[in-house]
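Structure first, then comments.
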Amino acid sequence: MPEKYLLPRDTDAIGPQNDAERRLYALVKEGLDSGTAAETSIAELIAESRTRIH
């Protein structure tokens with residue numbers, strides 16, 4: 001079965017179980033380790049999203 005068809009996680013699983021989960025974990029960890037977050041509001045995020053969509 002190709003890995004893109006993910007199976008349910010084991011109930012006692014800790015950490016990523018496959019390549020897709022390992023990649024996601026690495027991206028999240030990189031984001032968390034990248035330093036302090038930028039101060040922004042929901043309104044600013046919505047405005048930026050609308051600008052990029054249009």
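Rounded to the nearest 20 debye, what is the charge dipole size of the chain about its Cα centre when +1 sits on each Lys and Arg Cβ and -1 on each Asp and Glu Cβ? Walk me through the intermediate numbers first.
Numbers: 7 positive and 10 negative charges, 47 e Å.
In debye, rounded to 20, the chain gives about 220.
Between the helical axis of 42-53 and the dominant principal axis of the chain, each derived from Cα atoms, what acute angle in degrees is found, rounded to the nearest 10?
80 degrees
By how many degrees, between 0 and 90 and to the nearest 10, does the Cα long axis of helix 19-33 differ from the longest principal axis of the chain?
40 degrees
Taking +1 at the Cβ of each Lys and Arg and -1 at the Cβ of each Asp and Glu, which of G31, N18, S49 sits farthest along the dipole of the chain towards its positive end, judged by Cα position relative to the Cα centre?
Final value for the positive-end residue is S49.
To the nearest 500 deg cm²/dmol, what mean residue ellipticity at 222 nm is calculated for the chain from DSSP H runs of n ≥ 4 alone, each contributing -39,500 (n - 2.57), summed and divided by the residues? Can you show the working numbers first?
Working: 2 runs with 27 residues, N = 54.
That calculation yields -16000 deg cm²/dmol at 222 nm.
The numbers here are math on the coordinates, done by the rules we state, and not lab data. On a predicted model such as this, the values are computed, not experimentally measured, just so you know. No Cβ is skipped: glycine too gets one built from the backbone with ideal geometry, and neighbour counts run over all protein chains shown.
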